[in-house]
Amino acid sequence: MKIIQNIKEMQQEIRYSKSLGKSIGFVPTMGALHEGHLSLVKEAQRENDIIVMSVFVNPLQFGPNEDFECYPRNVEKDAALAEDAGVHYLFYPDASEMYPKPLSVKMLVKERVNVLCGAKREGHFDGVVTVLTKLFHIIQPEKVYFGLKDAQQIAVIEGLVEDYFFPIEVVRVPTVREIDGLAKSSRNVYLSETERAEAPALYESLKRAKEKIENGRDDPEEVKNSIKDFLSLHITGAIDYIEIYSYPKLERVEKLQGEIIIALAVQFKEARLIDNIIINV
């Protein structure tokens, strides 16, 4: 595996690979790699000749009260995991490389952002699409891989790729879970022992909601209330939201039909956990 920090060098490597007829699969990350990220690499390996992973903690997607400075960074550990997973190129630029001067053009996401986590993170997805537009131009992949744990992010990225005619396929990869169902996350380490024991209830509530829908329930409010009732009995954390929307447009639905997302967020003492399931009704 080759570690590259310079944009021009990365572009040269991509041009060379493409001159050989190699296909490029891209896995963008902010580092602190775990099994969820590595599952994206595994999926990319099935479909591409060359795997590029980026590790870049993007300052544009952090709000004024968010943990940009505290976000975990360990390039040595990330590099070892990426190499073991079969990544060919690890693109690891710093902020001055990606943003050498103030932007003369600002990207603004208008749809799919004012709900779920985006409702409380104004400007977050503007930063996401800005950095991804840069990375897409640098890496020029045929396919890019994202985990469905961050389903709102995927919805926004699919809109970006469609609106701006990027010749890229966005590949949705299922959420990687612990044996007990808890979605893998770097934030899980902040759970207390009691909270960790409670946390699998999030996914269990979603599975129960799915069963209700499959058994004919089509009222969104009824399904959301059933999730709330279950969580109230099984967790001490505070429910941030429980929502049901169409997917990927993330619009409200009066009746459960078509592709929908059931999503929730719970705030424990030191960790905020999110989870979702996407189903076709």
Please specify each residue of the range 153-187 satisfying the condition of being more than 30 Å from THR133 (Cβ to Cβ), touching a Lys or Arg at 6+ places or on another chain (Cβ under 7 Å) and either in the same structural domain as ARG121 (by TED's automatic domain parsing) or not acidic (Asp, Glu) (or both). ARG177
1 or more residues among the polar types (S, T, N, Q), free of Cβ contacts under 8 Å to residues at least 40 places away in the same chain and out of contact with any strand residue (DSSP E or B) (no Cβ under 7 Å at 6 or more places or on another chain): qualifying helices (runs of 4 or more DSSP H) within the range 1-100: 7-19, 95-98
Enumerate the pairs (first residue in the range 200-215 and outside the structural domain of ILE262 (by TED's automatic domain parsing) and more than 10 Å from ASP275 (Cβ to Cβ); second residue anywhere and at pLDDT below 95 and in a helix (DSSP H, G or I)) with beta-carbon separation below 6 Å, excluding pairs fewer than 6 apart on the same chain, so at least 6 apart or on different chains. none
GLU111 passes all but one of (1) part of a helix (DSSP H, G or I); (2) acidic (Asp, Glu); (3) farther than 28 Å from LYS207 by Cβ; which number fails? (1)
Does at least one position in the range 271-278 carry a residue that is of a type in the set (Asp, Glu), surrounded by 20 or more Cβ atoms within 10 Å (Cβ to Cβ) and either modelled with pLDDT under 95 or under 26 Å from LEU40 (Cβ atoms) (or both)? yes
Of everything in the range 143-171, what is assigned to a strand (DSSP E or B) and either of a type in the set (Gly, Ala, Ser) or within 10 Å of the chain's Cα centre (by Cα) (or both)? Give them in sequence order. TYR145, PHE146, GLY147
Let me spell it out: the conditions are (1) within 18 Å of the chain's Cα centre (by Cα); (2) surrounded by 18 or more Cβ atoms within 10 Å (Cβ to Cβ), and ALA199 meets all of them except one. Which number is the exception? (1)
Say whether the condition of being assigned to a loop (DSSP other than H, G, I, E, B), under 20 Å from the mean Cα position of the chain (by Cα) and either among the aromatic types (Phe, Trp, Tyr) or assigned by TED's automatic domain parsing to the domain that holds SER39 (or both) is met by at least one residue in the range 125-141. yes
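Yes/no per residue for (1) at pLDDT 95 or above; (2) within 25 Å of TYR247 (Cα to Cα); (3) crowded, with 19+ Cβ neighbours inside 10 Å:
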site	(1), (2), (3)
GLY25	yes, yes, yes
HIS37	no, yes, yes
ASN48	yes, no, yes
GLY63	no, no, no
GLY86	yes, no, no
TYR92	yes, no, yes
LEU108	yes, yes, no
LYS120	no, yes, no
Here the qualifying pairs (Cβ atoms under 9 Å; residues six or more apart or on different chains; first in the range 257-281 and touching a residue at least 40 places away in the same chain (Cβ under 8 Å) and farther than 14 Å from PRO200 by Cβ; second surrounded by fewer than 15 Cβ atoms within 10 Å (Cβ to Cβ) and among the acidic types (Asp, Glu)) come out as ILE278/GLU259; ILE279/GLU214; ILE279/GLU259; VAL281/GLU214; VAL281/ASP218; VAL281/GLU259
Consider LYS143 carefully, then state whether it is of a type outside the set (A, V, I, L, M) and touching a residue at least 40 places away in the same chain (Cβ under 8 Å). yes
Consider GLU251 carefully, then state whether it is closer than 27 Å to GLU35 by Cα and either among the aliphatic types (A, V, I, L, M) or without any contact (Cβ under 8 Å) to a residue 24 or more places away in the chain (or both). no
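Matching residues to (1) closer than 21 Å to ILE260 by Cα; (2) crowded, with 16+ Cβ neighbours inside 10 Å; (3) of a type in the set (Gly, Ala, Ser):
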{"position": "GLU162", "(1), (2), (3)": "yes, no, no"}
{"position": "VAL170", "(1), (2), (3)": "yes, yes, no"}
{"position": "THR175", "(1), (2), (3)": "yes, yes, no"}
{"position": "GLU195", "(1), (2), (3)": "no, yes, no"}
{"position": "TYR203", "(1), (2), (3)": "yes, yes, no"}
{"position": "ILE213", "(1), (2), (3)": "yes, yes, no"}
Name the residue, out of ASN188, ASN225, that is over 23 Å from GLY36 (Cβ atoms) and either out of contact with any Phe, Trp or Tyr (no Cβ under 6 Å at 6 or more places or on another chain) or buried (at least 16 other Cβ atoms within 10 Å of the Cβ) (or both). ASN225
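The values are calculated or read from the model by the stated rules, or taken from the named source; none is laboratory data. Here the structure is a predicted model, which is why all the values come from computation and not from measurement. With ideal geometry, Cβ positions are generated from the backbone for all residues, glycine too; neighbour counts draw on all protein chains shown.
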